[in-house]
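Okay, structure first, notes after.
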Amino acid sequence: MTLKDRISNLFRGNKGEIEIGKFKDEYFEILLESDVSFETVEYILETFEKKHSKEKRLKREEAVESLKEILREILVKARPGRDIFNPEKKPLIIMFLGINGTGKTTTIARLAYLMKKNGKTVVIAASDTFRAGAIEQIRYHGEDLGIRVIYQEMGADPSAIAYDAIEHARARNMDYVLIDTAGRMQTNKNLMDEMRKIKRVSKPDMTFLTVDAMAATDAIEQATTFLRDIKFDGIVVNKLDTDVRGGSIFSIAHKFKEPIYFLGVGQKLEDLIPYDPEFILKKVFG
Ligand SMILES: Nc1nc2c(ncn2[C@@H]2O[C@H](COP(=O)(O)OP(=O)(O)OP(=O)(O)O)[C@@H](O)[C@H]2O)c(=O)[nH]1
Ligand SMILES: [Mg+2]
């Protein structure tokens, strides 16, 4: 059941009014079962309680509206401050980080598509030289989009490839360099060292972390603790379309101090949209 269904069910069987105390208990369960993390649920309910400290009972519509407002505030706080489609610098260098399967390569293809549609020029650095098939995957996207991919053979130095891509862009006065990276290495330590090196060499203007909306927030945090050390500027939340429970995005928005820039909402090339709190609320509340 989705968060939306659960909220609709909450008032079934009572006459449209609910005691604040009871409401809180039930919301607690609903939110947790929808994959909102414990910490975020606590925050939501404390805020709810403070807002309604003077009331004993609430009408259904009021309670739902009130919850929606709190959730909206959480989402709004995660809005990005920067418009990467109007870059202040040329080329704008963007590096992608994220554990394997969270959609780095897909996001790069989708962003490149959007940038090209905006009349901008893009080059991609195939700096995941670890996973078999990674170079082919990004080259395939590049060919499909008519975008140049700078690559070397498997096992080559990812930093050197990023460097080459930047030189390529500089020489041609291009707008963007998008750096794909590996999501898995022999060890997390190796991965971290490699990300650090790529960062040191390419000096990205922006670093995005990709996360999978399907993973519970605690899992995301655990999986990315080591990457947090690298420092990133923004988050891309992918696979929102497959997240039936729908709650983890609220914890991501609440727990991470970095803003969310984009949402992956499907399988197609066009399915990357700028982060939009209203889009998420509509999914949850209809
Ligand atoms: N349904 C859906 N699938 C997605 C979305 N974003 C990415 N995927 C799929 O998730 C899978 C992994 O995506 P990749 O882009 O290869 O992930 P990655 O982070 O580059 O993975 P590694 O290269 O292994 O580190 C692919 O099958 C994508 O099609 C999304 O928003 N919705
Ligand atoms: Mg990849």
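The values are calculated or read from the model by the stated rules, or taken from the named source; none is laboratory data. Since the structure is predicted, the reported quantities are computational estimates derived from the model, not experimental observations. Using ideal geometry, Cβ is built from the backbone for each residue, glycine included, and neighbour counts are taken over all protein chains shown. With ligands, DNA and RNA removed, areas are computed over all heavy atoms of the protein, side chains included. Shrake-Rupley method; radii C 1.70, N 1.55, O 1.52, S 1.80 Å.
Points worth noting:
- Restricting attention to the range 239-286, the residues that are in a strand (DSSP E or B) and free of Cβ contacts under 8 Å to residues at least 60 places away in the same chain total 3.
- Note on the range 220-238: residues that are under 14 Å from the mean Cα position of the chain (by Cα) and in a loop (DSSP other than H, G, I, E, B) amount to 2.
- Helices (runs of 4 or more DSSP H) enclosed by the range 2-83 - at least 2 residues per element that are modelled with pLDDT of 90 or more and surrounded by 13 or more Cβ atoms within 10 Å (Cβ to Cβ): 38-51, 60-77
- Test for Thr129: is it touching a residue at least 60 places away in the same chain (Cβ under 8 Å) and out of contact with any Lys or Arg (no Cβ under 8 Å at 6 or more places or on another chain): no
- Of residues in the range 84-101 being part of a loop (DSSP other than H, G, I, E, B) and within 16 Å of ligand 2 (Cβ to nearest atom), the one most open to solvent (accessible area, probe 1.4 Å): Asn100
- Of all the residues in the range 121-134, those that are more than 9 Å from ligand 1 (Cβ to nearest atom) and touching a strand residue (DSSP E or B) at 6+ places or on another chain (Cβ under 6 Å) number 6.
- Residue in the range 131-153 that is nearest to ligand 2 (Cβ to nearest atom), counting only those that are assigned to a loop (DSSP other than H, G, I, E, B) and surrounded by 15 or more Cβ atoms within 10 Å (Cβ to Cβ): Arg131
- Residues in the range 102-120 that are of a type outside the set (A, V, I, L, M, F, W, C) and either open to solvent by 50 Å² or more (accessible area, probe 1.4 Å) or more than 12 Å from ligand 1 (Cβ to nearest atom) (or both): Thr106, Tyr113, Lys116, Lys117, Asn118, Gly119, Lys120.
- Complete set of residues in the range 249-286 that are small (Gly, Ala, Ser), crowded, with 21+ Cβ neighbours inside 10 Å and in contact with a helix residue (DSSP H, G or I) (Cβ under 6 Å, 6 or more places away or on another chain): Ser251, Ala253
- Note on the range 154-202: among residues that are part of a helix (DSSP H, G or I), open to solvent by less than 80 Å² (accessible area, probe 1.4 Å) and of a type in the set (S, T, N, Q), the one that is nearest to Lys116 (Cα to Cα) is Ser202.
- Index of the failed condition, Thr210 passing every other in (1) open to solvent by 10 Å² or more (accessible area, probe 1.4 Å); (2) outside any helix (DSSP H, G or I); (3) β-branched (Val, Ile, Thr): (1)
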